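Trainee: Following this message is one structure expressed as C-alpha cells.
The values are calculated or read from the model by the stated rules, or taken from the named source; none is laboratory data. These figures come from a predicted structure and were not determined experimentally. Backbone-built Cβ (ideal geometry, glycine too); neighbour counts: all protein chains shown.
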Amino acid sequence: MGVVLFFGAFLVPADIAKAASVGDVVNFNVDKGFDASGRTQITAVLLQINPRLYFYVDKQWWDSQTLTKQSGILADLNNLSIEFNNKIYPTLTAVFGPEWNPGIDNDPKITVLFEPMNSTEGGYFREADEYYKLQLPNSNEREMLYISVSDIDSPAAKIILAHEFTHLITFNQKNKISGVEEDTWLNEARADYSSTILGYDNTYEGSNLQQRVKDFIANPSDSITDWAGTKYDYASVDLFTHYLVDHYGINILPDSLKSKSAGIESINNALLRENAKENFAQIFTDWTIALAINDCSQNLEYCYSNKNLASLRISPTLIFLPLAGSSSLSETNVTKNWSGNWQKIIGGSGDLKLDFSTLAGLSFQVPYVVYDKNNNYSVKFLQLDSNEKGEINIQNFGTNYKVKFFISEILFFC
C-alpha cells in the first residue's frame, strides 16, 4: 500500500464526466513499480457501478477466470460496495473530511481498479490521477484507487480500500485545500489507522493490527519518519499512532491533517489545539518507555489503553552481568532519527556504573527504567553534558535491583 506522488499546480476542473456502463473496456495508466508485470498501462473492464464507486478489473485476468469464479467475485464486489457506502465512506469522511468531490472528472464516483500486483503489495493511490493530462500525460483524470486482484475476494479488500481511500481524502484536505505535501510517514500512519477507526481491528486474531505488531516486534528500532515503504515502516508508524491516539484522542489525526504544516510540525500544532502539555518529542520518548513497560496498573503514561495491545512489549538486547567479581563491556549502536534502542541489563552483584557518550551535535534522550525485587519500577533520565556524555550509578544492583532497561533514542528537532 502506498502513495505515488506528483508535484504541480491545480487547474479549474471542467465538465469532463462521461457516462459509464457495465462491460465498458478502458485503458488505464498504472504504476509499473506495483504492477506484477511491470506494465505502465492495462486494459480493464467495468464490472459494477454503485452510488459511490466504479469497480474495474484487469480484463486479461478477468477473462481467464471461470464463470463460477466470476460469479463469486461479482458477489464479493457487491458486498464490498455495500461496506464502502454504508461504513467506510461515512465513517472516514466524518473523521478526516471529504475527498475532492465531484473532483477532477466532475463525477462523484471513485474508480477502483483491481490489477495483478507484486506479492508484497495490497494497493496504492496515485496523486497523478488528480491532475489533467495537460499537466501530466499519464494521469487517468479520475479520483482513483488501485487494489491487488489477489485480494478481490479476500476480507482484506475492505481494509485496503479504506487505507487507499484515506490517501484520497488526504490529497484533498492537505494538497488541494492547504497546498501542502504531507510527510509520507504521517500520510501512511493515518491511512493505516483507518482499520482501527472502522473497527476492523477489534477482533485481533488475523487483523491488520496483529500483523503490524508481529512486524514491529521483529524490528522495533525502525525509524518512524525515515520512510522506505517496508512492512517495518508500516508497523512502526501504526503502533506509534495507536499510542498517540490512545493518549491524546482521535482529533489529533484530523487536526494535523487540516494543519497548514506537515509531519511533526502539524502534530505539534494539533497538540496545541487540544491543549496538550507535551510535544511530539516528549510523546515519542514516552512511547519508547511504554514499549518497554506497558503496564497501566502503575502508570497510565507508559502503556497502551487498547486492550489488543495490552501485552505488547519489545524484545530488548540482553546484557548479562556475571554474578560474582567485576566486569566491564563496551557497546556501540547506530540509531536513526526518531527511533529507539533498548538494552536490558540483568544479573550482576554490586554497584553498576554505566557511561554513555555520543557524537557531538546530536540530540539524544536517554531514559532508563529500574525494577526492584518486588517488580516495582522507576523511570529516570540520564542528563548529558555539553560533550554529549553522561553517567549512571546504581548501588547494589543485583541485590536491591534486578533489571534495568536502558533506552537510547535520537531526536531530530525540526
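Trainee: Find the residue count for the range 149-183, including only residues that are closer than 18 Å to residue 212 by Cα and out of contact with any helix residue (DSSP H, G or I) (no Cβ under 9 Å at 6 or more places or on another chain).
Mentor: Number of matching residues: 1.
Trainee: Against the definition (at pLDDT 95 or above, at positive phi and within 18 Å of the chain's Cα centre (by Cα)), how does residue 179 come out, yes or no?
Mentor: Criteria not met by residue 179.
Trainee: On to the next question. Residue under question is residue 114, and the condition is that it be aromatic (Phe, Trp, Tyr), modelled with pLDDT of 95 or more and within 17 Å of residue 172 (Cβ to Cβ); does it hold? Show your work before the answer.
Mentor: On the way: aromatic (Phe, Trp, Tyr): yes; modelled with pLDDT of 95 or more: yes; within 17 Å of residue 172 (Cβ to Cβ): no.
No; evaluated as a whole, the condition is false for this residue.
Trainee: Additional query: For the range 222-237, which residues satisfy the criterion of being crowded, with 20+ Cβ neighbours inside 10 Å and farther than 17 Å from residue 121 by Cα?
Mentor: Answer for the range 222-237, where residues must be crowded, with 20+ Cβ neighbours inside 10 Å and farther than 17 Å from residue 121 by Cα: 222, 223, 224, 225, 236, 237.
Trainee: I'd like to verify a number: residues in the range 66-80 that are under 16 Å from residue 46 (Cβ atoms), more than 29 Å from the chain's Cα centre (by Cα) and not aliphatic (A, V, I, L, M), how many?
Mentor: Matching residues across the range 66-80 total 1.
Trainee: Any chance the range 79-89 includes a residue that's under 16 Å from residue 147 (Cβ atoms), without any contact (Cβ under 8 Å) to a residue 60 or more places away in the chain and surrounded by fewer than 16 Cβ atoms within 10 Å (Cβ to Cβ)? Reasoning before the result, please.
Mentor: Our first condition is that a residue be under 16 Å from residue 147 (Cβ atoms); within the range 79-89, this holds for 79-81, 83-84, 88-89.
Going one step further and asking which of them are without any contact (Cβ under 8 Å) to a residue 60 or more places away in the chain, we end up with 79, 81.
With surrounded by fewer than 16 Cβ atoms within 10 Å (Cβ to Cβ) added as a condition, the list becomes 79.
Among the residues of the range 79-89, at least one is under 16 Å from residue 147 (Cβ atoms), without any contact (Cβ under 8 Å) to a residue 60 or more places away in the chain and surrounded by fewer than 16 Cβ atoms within 10 Å (Cβ to Cβ), which makes the answer yes.
Trainee: Answer yes or no: is there a residue in the range 175-187 that is among the small types (Gly, Ala, Ser) and surrounded by fewer than 20 Cβ atoms within 10 Å (Cβ to Cβ). Steps first, please.
Mentor: If we filter the range 175-187 for residues that are among the small types (Gly, Ala, Ser), which is where we start, we get 178-179.
Then drop every residue that is not surrounded by fewer than 20 Cβ atoms within 10 Å (Cβ to Cβ), which leaves 178-179.
Within the range 175-187, one or more residues are among the small types (Gly, Ala, Ser) and surrounded by fewer than 20 Cβ atoms within 10 Å (Cβ to Cβ).
Trainee: Please verify whether the range 239-255 includes one or more residues that are in contact (Cβ under 8 Å) with a residue 60 or more places away in the chain, within 12 Å of the chain's Cα centre (by Cα), under 28 Å from residue 295 (Cα atoms) and assigned to a loop (DSSP other than H, G, I, E, B).
Mentor: Within the range 239-255, none of the residues are in contact (Cβ under 8 Å) with a residue 60 or more places away in the chain, within 12 Å of the chain's Cα centre (by Cα), under 28 Å from residue 295 (Cα atoms) and assigned to a loop (DSSP other than H, G, I, E, B).
Trainee: Quick check: is even one residue across the range 154-169 in the same structural domain as residue 99 (by TED's automatic domain parsing), in a loop (DSSP other than H, G, I, E, B) and not aromatic (Phe, Trp, Tyr)?
Mentor: Checked against the condition, which is being in the same structural domain as residue 99 (by TED's automatic domain parsing), in a loop (DSSP other than H, G, I, E, B) and not aromatic (Phe, Trp, Tyr), the range 154-169 yields at least one hit.
Trainee: Could you figure out which of (1) of a type outside the set (Val, Ile, Thr); (2) closer than 27 Å to residue 79 by Cα; (3) surrounded by 19 or more Cβ atoms within 10 Å (Cβ to Cβ) isn't true of residue 128?
Mentor: Of (1) of a type outside the set (Val, Ile, Thr); (2) closer than 27 Å to residue 79 by Cα; (3) surrounded by 19 or more Cβ atoms within 10 Å (Cβ to Cβ), only one is false for residue 128: (2).
Trainee: Check every one of the strands (runs of 3 or more DSSP E) wholly within the range 360-414 and list those with 1 or more residues that are at pLDDT below 70 and β-branched (Val, Ile, Thr).
Mentor: Correct list: 401-410.
Trainee: State yes or no: is residue 272 assigned to a helix (DSSP H, G or I) and surrounded by fewer than 14 Cβ atoms within 10 Å (Cβ to Cβ)?
Mentor: yes
Trainee: Let me ask something additional. Restricting to the range 271-319, what's the tally of residues that are within 14 Å of residue 213 (Cα to Cα) and either out of contact with any helix residue (DSSP H, G or I) (no Cβ under 9 Å at 6 or more places or on another chain) or of a type in the set (D, E, K, R) (or both)?
Mentor: The total comes to 4.
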